[in-house]
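The values are calculated or read from the model by the stated rules, or taken from the named source; none is laboratory data. These numbers were taken from a predicted model, which means no experiment stands behind them. A quick note on method: Cβ atoms are made from the backbone with ideal geometry, for glycine too, and the neighbour counts reach across all protein chains shown. For accessibility, only protein heavy atoms count, side chains too; no ligands or nucleic acids. Shrake-Rupley method; radii C 1.70, N 1.55, O 1.52, S 1.80 Å.
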Amino acid sequence: MGWIFRTFSSNTSDYFKGGGKMLWWMVGSTAFMTQFSAWSFTGAAGKAFSNGLSVMMIFLGNALGYFFNYLFFAAKSRQVRVVTPIEGIRLRFGKVNEQVFT
């Protein structure tokens with residue numbers, strides 16, 4: 001699949017954010033689905049069976065975290081026009097800090 005789709009990605013913007021051409025619901029559903037893992041289907045089910053609502057609190061906390069990150073970071077990231085957080089550090093603090101944070 002990589003060989004077929006390699007022509008669609010010519011730079012890091014294309015690779016990380018689809019060149020800025022992806023629909024909001026597609027990006028949101030992708031971010032939502034990345035939180036699922038094998039633990040979600042095996043470990044969480046066993047934990048929910050033994051402890052009840054504690055697992056629900058974890059998933060509600062994840063949803064709140066996504067929402068507050070959206071409120072705080074979305075406008076700032078869009079305004080700066082960076083692809084990765086490290087690019088934002090380089091633009092704001094310089095190459096030395098980029099190396100330190102990397």
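Could you tell me whether any residue of the stretch 40-48 is open to solvent by 90 Å² or more (accessible area, probe 1.4 Å), farther than 23 Å from T84 by Cα, of a type in the set (A, V, I, L, M, F, W, C) and out of contact with any helix residue (DSSP H, G or I) (no Cβ under 6 Å at 6 or more places or on another chain)? The answer is yes; a qualifying residue exists. The set of residues from the stretch 13-36 being exposed (fewer than 12 other Cβ atoms within 10 Å of the Cβ) and not hydrophobic (A, V, I, L, M, F, W, C) comprises G20, K21, S29, T30, T34. For the stretch 4-30, the set of residues classified as of a type outside the set (S, T, N, Q) and either more than 18 Å from V82 (Cα to Cα) or modelled with pLDDT of 80 or more (or both) consists of I4, F5, R6, F8, L23, W25, M26, G28, listed by residue number. Cβ-Cβ distances below 9 Å connect the following pairs, each with a first residue in the stretch 89-102 that is in contact (Cβ under 8 Å) with a residue 12 or more places away in the chain and among the aromatic types (F, W, Y), a second residue that is in a helix (DSSP H, G or I) and open to solvent by 100 Å² or more (accessible area, probe 1.4 Å), and a separation of six or more residues or different chains: F101/P85; F101/F93.
Consider the stretch 51-102 and keep the residues that are open to solvent by 100 Å² or more (accessible area, probe 1.4 Å) and in a loop (DSSP other than H, G, I, E, B). The one that is modelled with the lowest pLDDT is R81.
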